[in-house]
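One structure is given below, encoded as structure tokens.
The values are calculated or read from the model by the stated rules, or taken from the named source; none is laboratory data. Here the structure is a predicted model, which is why all the values come from computation and not from measurement. As a convention, Cβ positions derive from the backbone with ideal geometry for all residues, glycine included, and neighbour counts pool all protein chains shown.
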Amino acid sequence: MPAPTTPLSATRRPFLRALPPSAFLLFLGLATPCASQGIEEGGPSQLQGLRTPAEASDFARHTGHDEMMAYLTRVQAEASDMRLGSYGRTLEGRDLPVAFFSRPHVTSPAEAHATGKPVVVLGANAHGHNYVAREALLILLRELGAPGSEMNELLDRVIVLVAPSKNPDGLAAEDRFNARGADLNRDYMTLDQPSMAAYVGNVINRWNPHLFVDGHDGGAVQYGGAFPYHLLYQGPGLAGADPALGDLADHRVLPHVNQALASEGFQSFYWSRGDAERWLVGGAAPRMGRNYGGLANKLSILFEVAEWPGMEAGVEVALHAYRSILTYTRDHGDELMGTVQAARERTVALGREPTGQVPVAERMEADSLRVTYQIVDPAQVDPSLPVQEEALLTVEDAPILRQAVGTRFRDRPWAYLLPPSAEAAVALLKRHRIEVERLAAPVEVEVRGYTLEGIRWESADNHHGAAPVIQVGEEVDYRVHLPPGTWVVRTGQVLGRVVTHLLEPETTDNIFYWDRMTFLLPLAELEAFHMSPETVEPPLLPIRKLMAPARLPTMLDGG
């Protein structure tokens, strides 16, 4: 582990300072649009003269949403390789911008993948008060559009989409949450919030990038500000994802990020925290972006820019980190595309001729990697003073708990069967762009179901105050008559791992837990069973599994 760099907090500029005169002129309506947006006239293309409002303020403030939209349109007007669009609107009606960079220009996901180039999505600002990575992406947009720059030249080999602000409502409120008080980085499975439903449905699972980055900042404030690390990161970390994706992140992509940042004097390490004995990474919940990406067969990377260096240095760190993702993709595109495509093909094959098991419970464990890292020594820290290098404790040859290991499994089915009344669950599946079919005629088939032994209710993320935790009893194989309109969801599709996690009733993010089929739970029958377990059979859950391929009269439902 290299020695830590001098803490930038010692020389950081105060974040709260007087705004430039142009800002006050803007409030009075006297500034020109160019001045109010911090945009200066430049050379022939004018791109090199553009500045974000944050840059123009010397990073005394972040760029507002309307200012960002004006800046993006100015960049687009000067950048021949950029197209600007909106992938949706927020609860409060703000546009969710996405910039497309390609050379030659592509107009659709199919056209993008037909080029044979890797597709990358760079995002930030899922938490509204996280604006440092967002500011870095606004600068990177300018570089991607500037002819002759390194970033622009890599467009010959990479297609890049940038979604700089996923939660502009939270940004405007200077809050972590959106206007409903929801955490968008806990909404990847439920897609309750319009902004996240649009991002997953219209960007992530429509454009099917090979790699996407979810940029956050304030990294590990709750764990001492991450000092001495400038960036914390993590790849997909859950047992249900194809392990090759996590391996590629750990052994190839993240070392590339380390090298790129080290060359600029910055340090990086795994999210999220360590003590004197071991390093702990983030958990395995797929409702968070990096884990959802793994289930959806994308290489997904979390960036957490540390809080302690201050805004200006944080933007620089994030900018170098995002650039490193693009240079890795440029230089190792075949490796990235081959790994991701193989994971997608394995997922489809596992479902078409159902093979193996689905993890429905898991825990984080140490793997064979041993690490050396530095943490702030609690015994030497005065919380009233900036953290100094002398307060660091070096921990050597320690385990890192980064491997998600399944602890309970269920056999993978060929398809799940939902009753015709399960429209809310099906609507959720469709928002993910999961393929769904309906029976066109009645059939009688052999299915597998679960008995319901009990339910425990708990409070869940985003104000789900009564989420049912299902206690499954036994697996039961039986024949059943299925009426027309029964929903059929096959697992042999690219999003098959998302399917199994949503439709297995024991996972952390299943459709019962998120209130998509709660009304179909046999609560009265369960109560009767609990009253007389000797004479009353436990009820069956209203979800069934086809364990082998079957000829079914179905029609695709795209509504």
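Here are some notes:
- Reported count of residues in the range 182-200, each being surrounded by fewer than 24 Cβ atoms within 10 Å (Cβ to Cβ), of a type in the set (Gly, Ala, Ser) and closer than 23 Å to Ala99 by Cβ, is 2.
- Scanning the range 502-559 for residues being among the acidic types (Asp, Glu) and more than 36 Å from the chain's Cα centre (by Cα) gives a total of 4.
- Wholly within the range 50-159, strands (runs of 3 or more DSSP E) carrying at least 1 residues that are touching a helix residue (DSSP H, G or I) at 6+ places or on another chain (Cβ under 6 Å), under 26 Å from Gly289 (Cα atoms) and free of Cβ contacts under 8 Å to residues at least 40 places away in the same chain: 82-89
- Evaluation of Thr355 against (1) in contact (Cβ under 8 Å) with a residue 60 or more places away in the chain; (2) in a loop (DSSP other than H, G, I, E, B) (one fails), failing number: (1)
- Criterion violated by Met555 - all others in (1) of a type outside the set (Val, Ile, Thr); (2) assigned to a strand (DSSP E or B); (3) at pLDDT below 95 satisfied: (3)
- Odd one out for Glu277, checked against (1) loosely packed, with under 15 Cβ neighbours inside 10 Å; (2) part of a helix (DSSP H, G or I): (2)
- Residue in the range 84-102 that is closer than 27 Å to Tyr328 by Cβ, among the basic types (Lys, Arg) and not assigned by TED's automatic domain parsing to the domain that holds Asp461 present: no
- Residues of the range 95-105 satisfying the condition of being surrounded by 21 or more Cβ atoms within 10 Å (Cβ to Cβ) and within 21 Å of Ala197 (Cα to Cα): Leu96, Pro97, Val98, Ala99
Every residue, every condition in (1) touching a residue at least 40 places away in the same chain (Cβ under 8 Å); (2) acidic (Asp, Glu); (3) closer than 27 Å to Glu446 by Cβ; (4) out of contact with any helix residue (DSSP H, G or I) (no Cβ under 9 Å at 6 or more places or on another chain), yes or no:
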{"site": "Tyr328", "(1), (2), (3), (4)": "yes, no, no, no"}
{"site": "Glu335", "(1), (2), (3), (4)": "yes, yes, no, no"}
{"site": "Val348", "(1), (2), (3), (4)": "yes, no, yes, no"}
{"site": "Ala391", "(1), (2), (3), (4)": "no, no, no, no"}
{"site": "Arg408", "(1), (2), (3), (4)": "yes, no, yes, yes"}
{"site": "Trp414", "(1), (2), (3), (4)": "yes, no, yes, no"}
{"site": "Leu417", "(1), (2), (3), (4)": "yes, no, yes, yes"}
{"site": "Glu423", "(1), (2), (3), (4)": "no, yes, yes, yes"}
{"site": "Leu429", "(1), (2), (3), (4)": "yes, no, yes, no"}
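- Checked against the criteria, His530 counts as exposed (fewer than 14 other Cβ atoms within 10 Å of the Cβ), of a type outside the set (Lys, Arg) and either within 16 Å of Met189 (Cβ to Cβ) or in the same structural domain as Val443 (by TED's automatic domain parsing) (or both).
- Among the residues of the range 407-427, those identified as under 18 Å from Arg287 (Cβ atoms) and surrounded by fewer than 22 Cβ atoms within 10 Å (Cβ to Cβ) are Ala424, Ala427.
- Subset of the range 106-123 that is at pLDDT 95 or above and farther than 17 Å from Lys298 by Cα - its residue that is surrounded by the most Cβ atoms within 10 Å (Cβ to Cβ): Val106
Residues checked against (1) among the aliphatic types (A, V, I, L, M); (2) surrounded by 22 or more Cβ atoms within 10 Å (Cβ to Cβ); (3) in contact with a helix residue (DSSP H, G or I) (Cβ under 6 Å, 6 or more places away or on another chain); (4) modelled with pLDDT of 95 or more:
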{"site": "Arg180", "(1), (2), (3), (4)": "no, no, no, yes"}
{"site": "Pro228", "(1), (2), (3), (4)": "no, yes, no, no"}
{"site": "Gly240", "(1), (2), (3), (4)": "no, yes, yes, yes"}
{"site": "Ala249", "(1), (2), (3), (4)": "yes, yes, no, yes"}
{"site": "Pro255", "(1), (2), (3), (4)": "no, no, no, yes"}
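- Residue satisfying condition, being surrounded by 24 or more Cβ atoms within 10 Å (Cβ to Cβ), modelled with pLDDT of 95 or more and within 21 Å of Leu299 (Cα to Cα), within set Val158, Val132: Val158
- Any hit, the range 453-469, residues being over 29 Å from Met196 (Cβ atoms) and outside the structural domain of Asn185 (by TED's automatic domain parsing): yes
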